[in-house]
Amino acid sequence: MTPSVKYRRTAISCYDGPMNKDNVAALAQLARIDISDTEAEHLSKEFGSILAYVGEVKKISENMSGESAAISMKNVMRGDEHPHESGMYTDAILKEAPETEGNYFKVKKIL
């Protein structure tokens, strides 16, 4: 079992059953999303339908064979060109990070 699969199963098992306001607030905090108590309450009521929709998408994607998925995909992105000057947004992006070191995001050591 790969670590990412193990992690996903652990994360999902933490939220088995109906989502209440506290679980939504905790999930938002993990995702570093600021939400109000009103928004958390609203989302807790909608979580069941959100997960049902994700389940439908998952079923459809599992039913697609790898061959048909590869054939139906095409690149709609622009070519890899230089749309703006290198480093143009570095300061703005780094301001949003909880911790930085030089021009890099500082993260916890995981290995």
- Message: Of everything in the range 1-46, what is at pLDDT 90 or above, in a loop (DSSP other than H, G, I, E, B) and of a type outside the set (Asp, Glu)? Give them in sequence order.
- Response: Ala31, Arg32, Ile33, Ile35, Ser36
- Within the range 30-63, work out how many residues are of a type in the set (Phe, Trp, Tyr) and closer than 13 Å to Asn20 by Cβ. 1
- Task: For Glu99, work out the one condition from (1) in contact with a Phe, Trp or Tyr (Cβ under 9 Å, 6 or more places away or on another chain); (2) modelled with pLDDT under 75 it doesn't fulfil.
- Result: (2)
- Message: I'm trying to understand the selection: among the residues of the range 76-100, which are outside any loop (DSSP other than H, G, I, E, B) and either surrounded by 10 or more Cβ atoms within 10 Å (Cβ to Cβ) or touching a helix residue (DSSP H, G or I) at 6+ places or on another chain (Cβ under 9 Å) (or both)?
- Response: Thr90, Ile93, Leu94, Thr100
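The values are calculated or read from the model by the stated rules, or taken from the named source; none is laboratory data. Quick caveat: nothing in here was measured; it's all calculated off a predicted structure. Cβ sites come from the backbone with ideal geometry, for glycine too, and all protein chains shown count toward neighbours.
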